[in-house]
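Below are the structure tokens for one structure; questions will follow.
Please treat every number below as a calculation from the coordinates, not as lab data. All of these numbers come straight from a predicted model, not from anything done at the bench. Neighbour counts run over all protein chains shown; Cβ positions are idealised from the backbone, glycine included.
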Amino acid sequence: MIILSKNAGFCPGVKRADLTVRELIKNRTDNDAIYTLGELIHNGIYTAELSSMGVRTVSFEEVEKCIIAQPEVKHTLVIRTHGISKEQHEHLDFLSKKYGNFKIVDMTCPSVKKIHRIAEENTSDNTCFILFCNPNHPEAIGIMSYAKGEKHAISSPEELENIDFTEKIPILCSQTTENLELFAKIKKNLKKLCTNAIFFDTICSVTENRQNEAITIAKNSDAMIVIGGKESSNTRKLYELCSKECSRTVWIESAKDLLADFPDPAKCVGITAGASTPDGIITEVKKKVMENKELDFEALLEDTLKTLHTGDTVNGIVCTIGDNEIKLDLGVKVTGVLTKEQITDDPTANLHDMFKVGDEVAVFVIRVDDKAGLATVSKKRVDADNSWVVLKDAHDNGDILEGKVVSANKGGVIVSALNNSIFVPASQTGVAKGGDLSVLVGTTQKVKIIEFDTSKKKALGSIKVVLNAEKQAREDAIWATLEVGKHYTGTVKNLTTYGAFVDIGGVDGMVHNSELSWRKIKHPSQVVSVGQEIEVFIKELDVEKRRISLGYKTEEMDVWSQFVKAHEVGDIVPAKIVSLTPFGAFAEVSEGVDGLIHISAISTQRIAAPSDVLNIGDVVDVKIINIDNENRKLSLSIRAITEAAEKAAAAEARAAELAAKKAEEEEEAKRLEEERAAMAPYIVGSID
């Protein structure tokens, strides 16, 4: 018995790439050159087939040399399913702008692109990006180039022990084709090492299904065959998983690698294949195994007598090629007739150029005539269905697609993705209700298929769902970094009567009016304005309700503190009269700082009211006579300055009077001395 895995062979991403390249080959002219950047998929036989059809495999360094060497040729470069690095992509985009005859066709698997976006949008200097992968695999190298900050590529759970998570938030992803069991173990170990780790399950669901099915088949088989290229990462994982369950597991690339006597005398043989294995190779292997096994006669007879039914899709081998039709061996008692009209819409196409005897062709059965032994089949129908299969897989897997908006109407927009049209209703575009949808035309958008009608082949998509999911992911990553007391440079987004909402890098926090200023304000617009960048810090966090209370005012912003640091009791400062009351006048000594001049401290003369000598707006000198820090109050005095001035004037007058008296006495003494000197000659002696 032979058990063939239902999930064996090309995955949706590889199918998409294969269909695209074959379409390029089909429409190629003599002036066209087609290249793949590295092997499109890791399968030597497939690569050789493309080479035989004129598709050349080139390295990154060779691309520009090819363009320069043939300036008259139109060059088309296909990016492989594994993807490339961010830097390489940017350089290729530069070349496409530099050279008008160079075009890029990006066939990076959507699942791989999803990891690129995760790495780019969720990493920063505060994160530690960890990728479970084969570090040397092109997919892993490409993914790592999109991650910012600290990053590590690991291939086993034990390698986690070598990473320090003290000050970083771990972000864990996996290469799409990695081992599910090992990835689960890594997640479990990381949870023990770090409580704030963020996980993204990025092993492709197709890979997951293929691995699980292969394990089940291997458990129930006497021998197991794994088909795929030796460079294929996902095939290697299949081989490793199957080997654990079945000791007689072999890894081959094609039927010619299978020993003639294998798997005899096995009673049950299981067959699976990697994502990069063409169906034709799988069919050849199955046939060779069947040829080397003793089959039950009744089963063989049943297989011989089986026929086709309208609506079946089967693979046929080209037997003969005519000008207007080809004949196919469908492996049953009827022969397939494939007319030119059911192959292509191009009336000038040459079937001899398109096919050769022995080619395998997938066809849709239109009609079966058992009596005539003929079946009318269609290749065009399969090609169309295959495109929709890829789109349906994207819907079933919840994949995010990238496409171009090609048109818009009142109801919504049409997005072209995977060679199909996806309708996005206006409510799902992300454009505000009643907004102009035409602004999206020509732009590239990410879209998720939310409804899929297989019978009508209609897909309904949403751009809004993707935008919301990306916003949520960004917010989740940011919330994991938030801490009370942490400072941010934020942007004021909105003002309300009670405070200001500030964006601190993807999430909003609220600064209450009481936290905006040390003085009482009626509205936040007295301090900040929408669009203004301000320095804030987190005062409180409510993770469950997703609320952030922010602080803005600091000690440096407290005008009272700054004033009392620069002044003391006894200082004389200028002040502006701002209000008058029956008991005194309030004067502003600095912006935001005022004090009271009691009525008794206004004048040395008795006054009935402050307005007798003062007016609002007057600027006068005042003396600080008391500073009440606890109540943030100043006591000021004009009278103290006046009295001091009067005392100084009186003292000055007294000093002048004394000085004048002294000068008078000195003058009198001088006069007497001069008189004595004048009389001296006439004095002969003394009189007793």
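Would you list, by chain and number, the lysines whose Cα falls below 18 Å from the Cα of residue 486, excluding same-chain residues fewer than 8 positions away?
Filter leaves 168, 539, 553.
In segment 574-688, how many lysine pairs have Cα atoms under 15 Å apart, counting only pairs 8 or more places apart or on different chains?
So the count works out to 4.
Report the net charge of residues surrounding residue 575, where surrounding means a beta-carbon distance below 11 angstrom and charges are Lys +1, Arg +1, Asp -1, Glu -1.
Net local charge, residue 575 excluded: -2.
What number comes out for the charge environment of residue 84, summing +1 per Lys or Arg and -1 per Asp or Glu over other residues with Cβ under 12 Å away?
In short, -2.
In whole Å, how far is the Cα centre of segment 501-554 from that of segment 568-626?
36
On a C-alpha basis, how far is the centre of segment 331-381 from the centre of segment 461-475 in Å? Whole number, if you could?
45
What ranking do 424-432, 640-648 get when scored by the average of other Cβ atoms within 10 Å per residue, highest first?
Answer by packing, highest mean first, reads 424-432, 640-648.
Right, another one. On a 18 Å Cα-Cα criterion, which of the cross-link pairs 340/380; 522/545; 392/433; 26/380; 256/286; 219/287 come out too long?
Table pairs above 18 Å Cα-Cα are 522/545; 392/433; 219/287.
Mean residue ellipticity at 222 nm from the helices of the chain, using -39,500 (n - 2.57) per DSSP H segment of n ≥ 4 over the full residue count, to the nearest 500 deg cm²/dmol?
-10000 deg cm²/dmol
Among DSSP beta bridges whose residues both lie in segment 482-557, state the antiparallel percentage, nearest 5.
Beta bridges within segment 482-557, antiparallel portion: roughly 90 percent.
Can you give me the angle between helix 279-291 and the longest principal axis of the chain, using Cα atoms only, in degrees from 0 to 90, rounded to the nearest 10?
So the inclination is approximately 40 degrees.
Rounded to whole Å and ordered largest first, report the semi-axes of the equivalent ellipsoid of segment 206-289 derived from its Cα gyration tensor (root of 5λ).
Over the Cα atoms of segment 206-289, the semi-axes work out to 17, 16, 10 Å.
Find the relative contact order for segment 1-92 and round it to a whole percent, using C-alpha pairs within less than 8 Å whose residues are 6+ positions apart.
In percent, rounded to a whole number, it is 35.
Treating only the Cβ atoms of Lys and Arg (+1) and Asp and Glu (-1) as charged, compute the dipole magnitude of segment 303-383 about its Cα centre; round to the nearest 20 debye.
240
For 204, 319, 194, 133, what's the fewest-to-most ordering of other Cβ within 10 Å of each Cβ?
Starting with the residue having the fewest Cβ neighbours, the order is 319, 194, 133, 204.
Hey, another quick one. Hey, got the dipole for segment 569-688? About the Cα centre, +1 on K and R Cβ, -1 on D and E Cβ, debye to the nearest 20?
Its charge dipole is roughly 500 debye.
In square nanometres, what is the average projected area of the Cα convex hull of segment 303-383?
Computing the convex hull of the Cα atoms and averaging its projections yields 5.0 nm².
Projected onto the charge dipole of segment 1-79 (+1 at Lys/Arg Cβ, -1 at Asp/Glu Cβ, origin at the Cα centre), which of 5, 27, 37 gives the Cα projection farthest towards the positive end?
5
Also: Determine the equivalent ellipsoid of segment 482-557 by diagonalising the alpha-carbon gyration tensor, then write out the semi-axes as square roots of 5 times the eigenvalues, largest first, rounded to whole Å.
Working from the Cα gyration tensor, I get semi-axes of 18, 13, 12 Å.
Nearest 10 degrees, 0 to 90: what angle lies between the long axis of helix 86-98 and the longest principal axis of the chain (Cα atoms)?
80
Given +1 on the Cβ of Lys and Arg, -1 on the Cβ of Asp and Glu, and no further charges, what dipole in debye does the chain carry about its Cα centre, rounded to the nearest 20?
Roughly 2500 debye for the chain.
Under the definition of Cα pairs under 8 Å and six or more residues apart, what whole-number percent is the relative contact order of the chain?
7
Quick check: the angle from helix 233-245's long axis to the longest principal axis of the chain, C-alpha only, nearest 10 degrees?
With rounding to tens, the tilt is 70 degrees.
Right, next: How about segment 354-450: which trypsin sites (Lys or Arg not before Pro) there are in a DSSP loop, with at most 11 other Cβ atoms within 10 Å of their Cβ?
356, 371, 410, 433
So for each of 12-18, 67-73, 310-316 I average, over its residues, the number of other beta carbons within 10 Å; can you give me the resulting order with the highest mean first?
12-18, 310-316, 67-73
With viscosity set to 1.306 mPa s at 10 °C, what whole-number translational diffusion coefficient in µm²/s follows for segment 111-203 from Stokes-Einstein and a Kirkwood radius over Cα pairs?
The diffusion coefficient I find is 124 µm²/s.
I want the antiparallel fraction of DSSP beta bridges within the chain, as a percent rounded to 5.
Bridges in the chain that DSSP calls antiparallel: roughly 60 percent.
Could you compute the net charge surrounding residue 224? Neighbours are other residues with a C-beta less than 10 Å from the C-beta of residue 224; K and R count +1, D and E count -1.
0
Then there is this: Return 150, 159 ranked ascending by Cβ neighbour count within 10 Å, so the fewest neighbours appear first.
Least to most surrounded, the residues fall as 159, 150.
Can you match Cα Rg over 2.2 N^0.38 Å to one of these, (1) 1.19; (2) 1.69; (3) 1.01, based on a calculation from the structure here?
Answer label, from the structure shown: (2).
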